[in-house]
Amino acid sequence: MLIKWISKSSEKYEGDVKDYISKVRNINDMDEYLNPSSKNVLSPFKIRNIQIAVERIIKAVSNKEKIVVVPDIDPDGCMATVIMVQCLQKLDADVSYIYHQRSEGHGIEHDDVPDDTELLIILDSSSSSVERCRELSETMDIIIIDHHNIEKENDAAILVNINHPECPYENKNLSATGVVWKVVEVLDYHYKKFNINHFLDLVSVTLLSDSMRVDNLENRWILKEGMKNIHNVGLLALIKASKINRVNSQELNYSVIPVLNTATRNDEIQKVFSLLFEKDYFKAKAKADWMIKENKARKERIKVLFEEYKELASVDKFILVATPTATKNYNGLVAQKLSSEYMRPALVLKDMGNTYEGSGRSYNGFDLQGFLKECPYVKYAAGHTEALGVGIDKKDWKKFKQYVNENIDESLFEPVIEYDIELNEDELDWDLVNNILEIDEVWGQGSPPITVRLNDVFVEDKELFPPTRQEHVRIKADMFDALKFNDKDYAEEIQAWDQISMIGSIGINEFNKNKRIQLFIEDYKK
């Protein structure tokens, strides 16, 4: 598929990459953007109901009430639980946590809450689970700490949700773990027993794992501080087991978060808790090593499912897969790969008999959730704007597909790569690369890696690597190596002595004290 290359700006690059990128991305103060100060951290008291929730927790602690914490089944829910439980344990509260596995579904509807619970604290989930909360509230009080979009008002719980329409908190892109961190901050005004910044490592991981925007200064401060100071023993062990020398967004996104996701998607959420609650580093390291092995097996499973679902996919304005064999724990991951492959939103749904249910992933910033919620043939579209759970009655399937094709302008998904900066190969040097990598230290939703267009690249050689498996492509140039992973047939027509242009993001490979500039290829032209 021919992909258009478009510059993000008409600005001319004149040698100062930080000044240039600040203009391209409309960053008012690049120094503050790269090194945000703590003054950008917002007051937790702006969060609706936070004081009411904290007062109820204080009462439960003082009266030795039985507190039960229940999370969503993903890294955000797990890390939120670790923070909440550890803080309550430090207060000598009667606290425990329960969980269910991902294949059972999302929400408090799937949890067996002990009958003698007096205070139930639900994390990262169930803002709209009104019926189940009403049932439980007959015998216990409920606090929900969440960040998901709200489908309907929940009057059966104390709802602490930054995305409630009446919540004045400006940063709507905190993870649930971030909101829990804010609750703990208010708790600490009363108890003065926590170093709340010791939890920033967990908060920073969840900003990335839950694809929260990181172009606001509060989230950038959290990420910078969290990545600098790893206090959780289990997280530190996983970082070391992943052979990460310097913690940054790229390493967390590609090496750490997938390992945690694999455990939750494999119905082994208990392994994430076991790792993150572990206090002994050597025990944690053994657990992390095992989880990394499981993640490698998960990657192979995703490859198989991706190829299988490509054969089943209906390719139109959306990519639609509806099959009895859809694997619930992997639907979202495969939908994401399909969306990237075909450059349009993708739904991967399991045939449940009378309904199709599964996951959707958007493309190019399109508000998929908003579109689906307006469609009369969609039962539910719950979660986030670009990553969500979807349900459609089978009897409405044809009408749904017709609705999509009649109401979607395909130009929304025209394959385009927007690049930040255009250079000739001879302009690439270490000073420029180091400046780009300083900007890229914190990247994620809303602040992607700097995309570089390199012209007049002379190809010295092309090879497959590693030698034993030959799964990836390396194109060698004078100053750098261009890499394409998991596609051994990529750029088959490129040969040594060709002259090409390339687009991608910049990195550095360090091995045996040798350093080499890398370009992670998105596209090329001869």
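The values are calculated or read from the model by the stated rules, or taken from the named source; none is laboratory data. Predicted model only: the values in this text are computed from it and were never measured. We place every Cβ from the backbone using ideal geometry, glycine too, and count neighbours over all the protein chains shown. Remember, those area values only see protein heavy atoms, side chains included, never the ligands or the DNA or RNA. Shrake-Rupley method; radii C 1.70, N 1.55, O 1.52, S 1.80 Å.
Could you please find all residues in region 411-422 being open to solvent by 20 Å² or more (accessible area, probe 1.4 Å) and either among the aromatic types (Phe, Trp, Tyr) or in a helix (DSSP H, G or I) (or both)?
Hits for region 411-422 are Ser411, Leu412.
If the Cβ limit is 6 Å and pairs must be 6+ apart or interchain, which residue in region 369-398 that is aromatic (Phe, Trp, Tyr) pairs with which residue that is open to solvent by 60 Å² or more (accessible area, probe 1.4 Å) and in a helix (DSSP H, G or I)?
As it stands, the answer is Tyr377/Lys399, since those pairs meet every condition given.
Return yes when Lys46 is more than 16 Å from Ala176 (Cβ to Cβ), modelled with pLDDT of 95 or more and more than 28 Å from the chain's Cα centre (by Cα) and no when it is not.
no
How many residues does region 266-289 contain that are open to solvent by less than 10 Å² (accessible area, probe 1.4 Å) and closer than 13 Å to Leu235 by Cβ?
Total meeting the criteria: 6.
Pick out the one residue from Asp112, Asp116 that is more than 23 Å from Ser175 (Cβ to Cβ) and either among the basic types (Lys, Arg) or at pLDDT below 95 (or both).
Answer to the selection: Asp112.
Residues of region 449-466 being out of contact with any helix residue (DSSP H, G or I) (no Cβ under 8 Å at 6 or more places or on another chain) and touching a residue at least 40 places away in the same chain (Cβ under 8 Å), which ones?
Thr451, Arg453, Val459, listed by residue number.
Please go through (1) part of a helix (DSSP H, G or I); (2) over 21 Å from Val61 (Cα atoms); (3) basic (Lys, Arg) for Lys152 and return the number of the only condition it doesn't satisfy.
(1)
Across region 498-511, which residue is farthest from the chain's Cα centre (by Cα) among those that are within 15 Å of Tyr524 (Cβ to Cβ) and among the hydrophobic types (A, V, I, L, M, F, W, C)?
Only one residue tops the list, namely Ile500.
Going through region 504-520 one residue at a time, which ones are out of contact with any strand residue (DSSP E or B) (no Cβ under 8 Å at 6 or more places or on another chain) and either surrounded by 12 or more Cβ atoms within 10 Å (Cβ to Cβ) or not in a strand (DSSP E or B) (or both)?
The answer is Asn512, Lys513.
Only residues in region 312-323 that are within 13 Å of Gln336 (Cα to Cα) and touching a residue at least 24 places away in the same chain (Cβ under 8 Å) count as the first member; pair them with residues that are open to solvent by less than 40 Å² (accessible area, probe 1.4 Å) and assigned to a strand (DSSP E or B), Cβ under 6 angstrom, at least 6 apart or cross-chain, and list the lot.
If the second residue must be open to solvent by less than 40 Å² (accessible area, probe 1.4 Å) and assigned to a strand (DSSP E or B), the pairs left are Ile319/Ala346; Leu320/Leu347; Val321/Val348.
For region 477-485, indicate whether the set of residues that are open to solvent by 80 Å² or more (accessible area, probe 1.4 Å), aromatic (Phe, Trp, Tyr) and closer than 30 Å to Leu368 by Cα is non-empty.
Yes, there is a match, as at least one residue in region 477-485 is open to solvent by 80 Å² or more (accessible area, probe 1.4 Å), aromatic (Phe, Trp, Tyr) and closer than 30 Å to Leu368 by Cα.
With the requirement that a residue be acidic (Asp, Glu) and at pLDDT 95 or above, what does region 368-387 give you?
As a first pass, look at region 368-387 and keep what is acidic (Asp, Glu): 374, 386.
Listed by number, the list holds a single entry, Glu374.
Could you identify the single residue in Glu425, Glu438 that is open to solvent by 60 Å² or more (accessible area, probe 1.4 Å), in contact with a Leu (Cβ under 7 Å, 6 or more places away or on another chain) and in contact (Cβ under 8 Å) with a residue 12 or more places away in the chain?
Every option except Glu438 fails the conditions.
Against the condition more than 30 Å from Arg220 (Cβ to Cβ), open to solvent by less than 40 Å² (accessible area, probe 1.4 Å) and not small (Gly, Ala, Ser), how does Cys133 come out, does it pass?
Criteria met by Cys133.
So that you can scan it fast, the table gives a plain yes or no per residue for (1) surrounded by fewer than 16 Cβ atoms within 10 Å (Cβ to Cβ); (2) out of contact with any His (no Cβ under 8 Å at 6 or more places or on another chain):
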| position | (1), (2) |
| --- | --- |
| Asn331 | no, yes |
| Pro345 | no, yes |
| Lys350 | no, yes |
| Gly353 | yes, yes |
| Glu357 | no, yes |
| Asn364 | yes, yes |
| His384 | no, no |
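Residues in region 246-301 that are of a type in the set (S, T, N, Q), over 26 Å from Val214 (Cβ atoms) and either at pLDDT 95 or above or part of a helix (DSSP H, G or I) (or both): how many? Before the answer, list the steps.
In the first step, residues of region 246-301 are kept if they are of a type in the set (S, T, N, Q); the result is 248-250, 253, 255, 261-262, 264, 266, 270, 274, 295.
Imposing the further condition that a residue be over 26 Å from Val214 (Cβ atoms) reduces the set to 266, 270, 274.
With either at pLDDT 95 or above or part of a helix (DSSP H, G or I) (or both) added as a condition, the list becomes 270, 274.
Residues that pass the stated criteria total 2.
Counting only residues that are of a type in the set (S, T, N, Q) and closer than 29 Å to Tyr330 by Cα, which one in region 97-148 is farthest from the chain's Cα centre (by Cα)?
Ranking the qualifying residues of region 97-148, first place goes to Ser129.
Is it the case, given these coordinates, that Tyr309 is part of a helix (DSSP H, G or I) and not charged (D, E, K, R)?
yes
What number of residues within region 30-61 satisfy the criterion of being out of contact with any Ser or Thr (no Cβ under 8 Å at 6 or more places or on another chain) and over 30 Å from Ala93 (Cα atoms)?
Going through region 30-61 one residue at a time, the tally reaches 9.
Output the residues belonging to region 186-220 that are part of a helix (DSSP H, G or I), open to solvent by 20 Å² or more (accessible area, probe 1.4 Å), touching a helix residue (DSSP H, G or I) at 6+ places or on another chain (Cβ under 9 Å) and not polar (S, T, N, Q).
Residues satisfying the conditions are Asp188, Tyr189, His190, Tyr191, Ile196, Phe199, Leu217.
Out of region 441-476, which residues are part of a strand (DSSP E or B), under 17 Å from Ser501 (Cα atoms) and open to solvent by 10 Å² or more (accessible area, probe 1.4 Å)? Walk me through it before giving the result.
Keep residues of region 441-476 that are part of a strand (DSSP E or B), which gives 444-445, 447, 451-458, 461-465, 472-476.
When the remaining residues are screened for being under 17 Å from Ser501 (Cα atoms), the result is 451-458, 461-462, 473-476.
Those that are part of a strand (DSSP E or B), under 17 Å from Ser501 (Cα atoms) and open to solvent by 10 Å² or more (accessible area, probe 1.4 Å): Thr451, Arg453, Asn455, Asp456, Phe458, Asp461, Lys462, Arg474, Lys476.
Restricting the search to region 486-503, which residues are on the phi < 0 side of the Ramachandran plot, surrounded by 13 or more Cβ atoms within 10 Å (Cβ to Cβ) and not β-branched (Val, Ile, Thr)?
Here is the first cut: in region 486-503, the ones on the phi < 0 side of the Ramachandran plot are 487-490, 492-496, 498-503.
Checking the rest, the ones that are also surrounded by 13 or more Cβ atoms within 10 Å (Cβ to Cβ) come to 488, 490, 494, 498, 500-503.
Correct list: Lys488, Tyr490, Asp498, Ser501, Met502.
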